[in-house]
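What follows is one structure encoded as structure tokens, with my remarks underneath.
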Amino acid sequence: MKVLVPVKRVIDYNVKVRVKADNTGVDLANVKMSMNPFDEIAVEEAIRLKEAGKASEIIVVSVGVKQSQETLRTGLAMGADRAILIEAAETVDTDVEPLAVAKLLAKVVEEEQPGLVLLGKQAIDNDCNATGQMLAAVLGWPQATFASKLEITDDGAQVIREVDGGLQTIKIKTPAIVTVDLRLNEPRYASLPNIMKAKKKPMEMKTPADYGVDVSPRLEVVKVVEPASRQAGIKVGSVAELVDKLKNEAGVI
Ligand code: AMP
């Protein structure tokens with residue numbers, strides 16, 4: 001079974017995000033970019049499936065700017081076998097929308113015929129949490145979102161999902177779409193020899209035109225602003241004063 005893992009190049013999770021002065025977006029000039037953390041978890045899971053003899057080949061695919069090659073190389077260094085870059089944006093400020101990404105991924109799925117597509121549950125830059133679900137809809141495939149455990153069975157997969165208030169176990173038939181949550185695994189670091197080896201692994205370059213997909217935006221960003229900063233707190237002298245303030249000032253009790 002082939003496993004396809006879509007990986008997105010996003011602002012590194014350690015970077016303090018700054019909003020541009022003109023409120024059109026966040027400042028991405030000279031900012032460290034990395035693989036979306038949930039996608040690292042998806043790559044790790046695919047590698048574990050291969051190590052367990054349940055997957056035959058792992059293909060990482062990214063949609064975005066040319067520099068997404070670095071993200072794909074990270075996936076290859078972790079253990080993926082080959083990569084596909086769909087160059088769909090010219091500037092780092094262009095975020096290809098989930099529907100366009102899902103349509104492109106559907107074309108890759110048609111070509112590659114994977115048994116499983118493992119995506120992150122969401123990209124930490126736009127927090128859309130939509131691409132996996134849209135891909136399942138475009139393909140008409142079963143989906144299991146927010147996976148915290150994945151087991152391949154004879155006729156499909158059993159997935160434990162993180163849902164509000166607990167864990168839900170479901171069975172799905174493959175081929176299927178699975179989106180991964182934080183607690184599924186802890187991704188490995190790529191070793192230096194594997195980083196060197198990754199440079200020689202195949203990377204195919206494509207464009208949306210190769211797949212006949214229109215990636216022009218359907219959403220318009222009206223404004224991006226910083227979250228309101230928290231107001232300074234105060235110290236109270238006693239429990240009685242605290243209760244009094246909660247009752248008479250905050251009005252919460
Ligand atoms: P989102 O729906 O944008 O929150 O993204 C959910 C998941 O879809 C990500 O964790 C990736 O696995 C995949 N994905 C989203 N955008 C891209 C992209 N441009 N290239 C590759 N994979 C993507």
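The values are calculated or read from the model by the stated rules, or taken from the named source; none is laboratory data. As the structure is a computational prediction, the values presented were derived from the model and not from experiment. Positions of Cβ are generated from backbone atoms using ideal geometry, with glycine treated the same way; all protein chains shown enter the neighbour counts. Heads up: the accessible areas ignore ligands, DNA and RNA and are worked out on the full protein's heavy atoms, side chains in. Shrake-Rupley method; radii C 1.70, N 1.55, O 1.52, S 1.80 Å.
Observations, loosely collected:
- Boolean, A83 is open to solvent by less than 50 Å² (accessible area, probe 1.4 Å) and either closer than 26 Å to Y13 by Cα or in a loop (DSSP other than H, G, I, E, B) (or both): yes
- Subset of segment 144-184 [open to solvent by less than 90 Å² (accessible area, probe 1.4 Å) and in a loop (DSSP other than H, G, I, E, B)]: T153, T174, P175, D181
- Breaking point among (1) within 15 Å of the chain's Cα centre (by Cα); (2) not in a loop (DSSP other than H, G, I, E, B), for D95: (2)
- Test result for G233, modelled with pLDDT under 95, closer than 30 Å to A21 by Cα and assigned to a loop (DSSP other than H, G, I, E, B): yes
- Counted residues, segment 156-191 - those being under 20 Å from E44 (Cα atoms) and in contact with a Phe, Trp or Tyr (Cβ under 8 Å, 6 or more places away or on another chain): 9
- Residue pairs whose Cβ atoms lie under 6 Å apart, sitting 6 or more positions apart in sequence or on different chains, and linking a residue in segment 133-157 that is under 15 Å from L105 (Cβ atoms) and modelled with pLDDT of 95 or more to a partner that is open to solvent by less than 10 Å² (accessible area, probe 1.4 Å) and part of a strand (DSSP E or B), are L135/I177; A136/I177; W141/A176; W141/I177; Q143/I177.
- Qualifying residues in segment 88-125 (those that are acidic (D, E) and away from the ligand (no atom under 11 Å from the Cβ)) - the one nearest to S191 (Cα to Cα): E112
- Only one of the numbered conditions (1) open to solvent by 30 Å² or more (accessible area, probe 1.4 Å); (2) under 30 Å from K199 (Cα atoms); (3) part of a loop (DSSP other than H, G, I, E, B) is not met by E111, and that is (3).
- Complete set of residues in segment 44-76 that are assigned to a strand (DSSP E or B) and buried (at least 22 other Cβ atoms within 10 Å of the Cβ): I58, I59, V60, V61, S62, V63, G64
- Sub-7 Å Cβ pairs linking a first residue in segment 94-106 that is within 13 Å of N126 (Cβ to Cβ) and modelled with pLDDT of 95 or more to a second residue that is assigned to a helix (DSSP H, G or I) and open to solvent by 10 Å² or more (accessible area, probe 1.4 Å), at least 6 apart or interchain, are P98/T131; P98/M134; L99/M134; V101/T131, ordered by first then second residue.
- Exclusive hit being under 28 Å from L150 (Cβ atoms), among the hydrophobic types (A, V, I, L, M, F, W, C) and touching a residue at least 12 places away in the same chain (Cβ under 8 Å), set V31, V65, V60: V60
- Sole residue being within 22 Å of the chain's Cα centre (by Cα), over 21 Å from V63 (Cβ atoms) and basic (K, R), chosen from R188, R218: R188
- Scope segment 236-253; condition in a loop (DSSP other than H, G, I, E, B), of a type in the set (A, V, I, L, M) and open to solvent by 70 Å² or more (accessible area, probe 1.4 Å); matching residues: V252, I253
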